[in-house]
Amino acid sequence: MAALGTLASGIGHEINNPLYAILGAAEAIRDGNDLARGQEHAQDIIGYCKHVAGIIKNLTGYIRPADKHGLEPVYVNTAISDAVLMARLTLLSDAIEIDQRLDAVPAIFAKSEDIQQVFFNVIRNGLQAMGREGTLEIESVREANRVLVRIRDTGSGIAPGDLTRIYDPFFTTKGPDEGEGIGLFVVQQIVNKYDGTIEFESEVGKGTVCAITFPIREPNGEEP
Ligand SMILES: Nc1ncnc2c1ncn2[C@@H]1O[C@H](COP(=O)(O)OP(=O)(O)OP(=O)(O)O)[C@@H](O)[C@H]1O
Ligand SMILES: [Mg+2]
């Protein structure tokens with residue numbers, strides 16, 4: 001509920017700005033008699049509407065409570081490899097090494113696109129934090145009845161004061177084109193939905209480790 005409250009105020013804040021810009025442009029069209037400017041204003045309105053639609057698209061599906069139907073066995077190693085492939089596409093530099101040490105861990109029960117989304121966001125954050133060079137280490141192991149995935153980067157690190165805010169919707173330290181601050185909010189929602197855990201440890205200038213666990217359901221165990 002606390003997360004939802006933060007989300008609501010975050011969305012309010014994030015949607016109000018384009019809304020006022022749309023209002024301003026529409027008023028300018030109404031009051032103006034310069035046809036050429038009218039097209040410019042309409043173009044602005046389209047841009048702002050797309051921005052708002054993008055925000056809503058990102059959020060839909062992740063703030064709903066767990067839908068217990070249609071869960072399937074998901075192999076985290078596959079989800080990690082897929083996420084790495086996707087995240088690599090955004091990579092500008094060859095001086096980034098991605099090192100995967102994946103044990104043969106059992107499946108978890110989830111929706112595969114959810115799990116892939118979790119790893120994609122955390123991996124992409126790690127890559128973004130490293131900029132042009134560094135090493136990203138991804139490790140998966142079984143620990144008792146859970147699968148543990150550790151994602152370690154040698155990037156900028158997270159300031160101690162920011163560590164408690166990284167899950168807040170729209171909290172970002174990146175420029176407007178680099179991040180919207182939605183990633184870890186979505187990640188946390190998904191992790192909670194599957195009774196997972198997520199923890200960050202970070203040192204400014206050294207790097208960040210993110211540890212994520214999900215419960216393993218044995219073949220004869222109950223689905224979540
Ligand atoms: N591995 C990391 N290294 C350094 N900072 C990080 C790392 N992961 C998260 N952060 C910090 O947490 C903030 C929030 O992360 P989050 O993924 O939610 O949003 P974002 O990456 O800024 O934008 P989006 O994911 O929506 O594109 C980031 O802006 C950054 O300051
Ligand atoms: Mg992110």
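Quick check on the stretch 91-103. Is at least one of its residues within 15 Å of ligand 2 (Cβ to nearest atom) and outside any helix (DSSP H, G or I)?
Yes, the stretch 91-103 contains at least one residue that is within 15 Å of ligand 2 (Cβ to nearest atom) and outside any helix (DSSP H, G or I).
Out of the residues in the stretch 92-132 meeting the condition of being open to solvent by 40 Å² or more (accessible area, probe 1.4 Å) and either aliphatic (A, V, I, L, M) or not assigned by TED's automatic domain parsing to the domain that holds Ala211 (or both), tell me which one is farthest from ligand 1 (Cβ to nearest atom).
Across the stretch 92-132, the extreme among qualifying residues is Ala104.
Kindly list the number of the only condition in (1) open to solvent by 20 Å² or more (accessible area, probe 1.4 Å); (2) in a strand (DSSP E or B); (3) within 16 Å of ligand 2 (Cβ to nearest atom) that fails for Glu199.
(3)
Answer yes if at least one residue in the stretch 136-153 is in contact (Cβ under 8 Å) with a residue 12 or more places away in the chain and among the polar types (S, T, N, Q), and no otherwise.
Yes, the conditions are met somewhere in the stretch 136-153.
Name the pairs: first residue in the stretch 184-196 and more than 9 Å from ligand 1 (Cβ to nearest atom), second residue polar (S, T, N, Q), Cβ to Cβ under 9 Å, at least 6 apart or on different chains?
Within 9 Å, the pairs are Ile190/Gln117; Val191/Thr197; Val191/Thr213; Gly196/Thr213.
Would a scan of the stretch 167-187 turn up a residue that is open to solvent by 40 Å² or more (accessible area, probe 1.4 Å) and not in a loop (DSSP other than H, G, I, E, B)?
Within the stretch 167-187, not a single residue is open to solvent by 40 Å² or more (accessible area, probe 1.4 Å) and not in a loop (DSSP other than H, G, I, E, B).
Quick one: what pairs do we get from the stretch 198-218, first residue free of Cβ contacts under 8 Å to residues at least 12 places away in the same chain, second assigned to a strand (DSSP E or B), C-beta under 9 Å, 6+ apart or different chains?
Glu201/Thr208; Glu201/Val209; Glu201/Cys210; Glu201/Ala211
Yes or no: Tyr194 among the hydroxyl-bearing types (Ser, Thr, Tyr) and closer than 30 Å to Asn16 by Cβ?
Answer is no for this residue.
Which of the residues belonging to the stretch 110-133 are at pLDDT 90 or above and more than 16 Å from ligand 2 (Cβ to nearest atom)?
Ala110, Ile115, Glu133
Which one of the conditions (1) part of a loop (DSSP other than H, G, I, E, B); (2) surrounded by fewer than 18 Cβ atoms within 10 Å (Cβ to Cβ) does Thr135 fail to meet, given that it meets all the rest?
Of the numbered conditions (1) part of a loop (DSSP other than H, G, I, E, B); (2) surrounded by fewer than 18 Cβ atoms within 10 Å (Cβ to Cβ), the odd one out for Thr135 is (1).
The values are calculated or read from the model by the stated rules, or taken from the named source; none is laboratory data. In this text the structure is predicted, and so the values were computed from the model without any measurement. Backbone-built Cβ (ideal geometry, glycine too); neighbour counts: all protein chains shown. Protein only, heavy atoms only, side chains kept; ligands, DNA and RNA dropped before computing areas. Shrake-Rupley method; radii C 1.70, N 1.55, O 1.52, S 1.80 Å.
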